[in-house]
């Protein structure tokens, strides 16, 4: 997870935390952008949201919103916040599967 200053795209916040969801091959490539899911303070219990909190390295309870994926410049990802636990990564994978309407097993 990274805190991005002035995320753009009409986002009213001065900064926002994003979770990088791109595959490692894209992250390691020469491409200048990666796909990220934003973290919002709201949590509605949707299957496409993953609850996070202080135990995950954040200041308050919030959630990753997999229905709002964005492409961000790698150069914007400079303020590292934390790495998701294995359990939260598994929940994130499930939320992305639902958000993108992917089959459960590839």
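Values in this text are rule-based calculations from the coordinates and carry no lab data. None of these values were measured; they are calculated from a predicted model. Neighbour counts are summed over all protein chains in view; Cβ atoms, including those assigned to glycine, are modelled from backbone coordinates with ideal geometry.
With labels modelled as points extended 7 Å from the Cα through the Cβ direction, what inter-label distance (nm, one decimal) is found for residue 61 paired with residue 24?
Rounded to a tenth, the inter-label distance reads 3.4 nm.
Between region 54-106 and region 13-30, what is the separation of their alpha carbon centroids in Å?
10
Starting from the Kirkwood Rh over alpha-carbon pairs, what translational D in µm² s⁻¹ does region 1-52 have by Stokes-Einstein at 20 °C and 1.002 mPa s?
For these conditions, the coefficient is 171 µm²/s.
Can you give the Rg/Rh ratio of the chain, where Rg is from the C-alpha atoms and Rh is the Kirkwood radius?
Checking Rg against Rh, the ratio lands at 0.94.
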